[in-house]
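Engineer: Take this structure, written in structure tokens, and hold onto it; I'll ask about it next.
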Amino acid sequence: LIAKQKQQLDVLEKTRLIVEAALDVKAEDVAALDVRELSSFADVFVVATGRSDRQVRAIADSIEKAMKQAGSVPLGIEGYAEGRWVLIDLDDVIVHVFIPEAREHYDIERLWSDAPQASFASAQRAEGERSSSGRVPREQP
């Protein structure tokens, strides 16, 4: 038997896996910012909210597990113990998982407002469930 090697994920596929892993554990207001034209250290920022420090850690765990299963081991994870803002460095994709107060305070979307933004939806949200902000998330092709 020849073992099949996992190929490096492209950025869009990696972003979709991250978003789905976050939504699987009920992350809210998940957004992806395309920062390729604005940043030399990443192509995409994924931003998500968890309602508590426990949920923020669960979201980070889900993303880490999904990435490891896809053959993409995080380069680093910061802020996990506190659970207010967890940053996961996946090389070309940087993930920020916040509790609501921290997300509002740091306002990543405003800081990177020149970046094209897309919200991704899980199958159930795509069927019409609204996020906590009242927006219906939309998916970028």
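Engineer: Accessible area per residue for region 1-90 in Å², computed with a 1.4 Å probe and the full protein assembly in place, what is it?
Structural biologist: 58
Engineer: Per the Cauchy relation, a quarter of the hull surface: what is the mean projected area of the convex hull of the alpha carbons in region 1-111, in nm²?
Structural biologist: 7.4
Engineer: Here is a further query. At a 10 angstrom cut-off on C-beta neighbours, averaged per residue, how do the peptides 87-99, 67-79 rank from highest to lowest?
Structural biologist: Result, highest mean Cβ count within 10 Å first: 87-99, 67-79.
Engineer: Also, I was wondering about something else. Note the per residue figure in Å³ for the convex hull of the C-alpha positions in region 56-97.
Structural biologist: 52
The values are calculated or read from the model by the stated rules, or taken from the named source; none is laboratory data. What you are looking at is a predicted structure, and each value in this text was computed from that prediction instead of being measured. With ideal geometry, Cβ positions are generated from the backbone for all residues, glycine too; neighbour counts draw on all protein chains shown. Areas reflect the complete protein model, heavy atoms only, side chains present, ligands, DNA and RNA absent. Shrake-Rupley method; radii C 1.70, N 1.55, O 1.52, S 1.80 Å.
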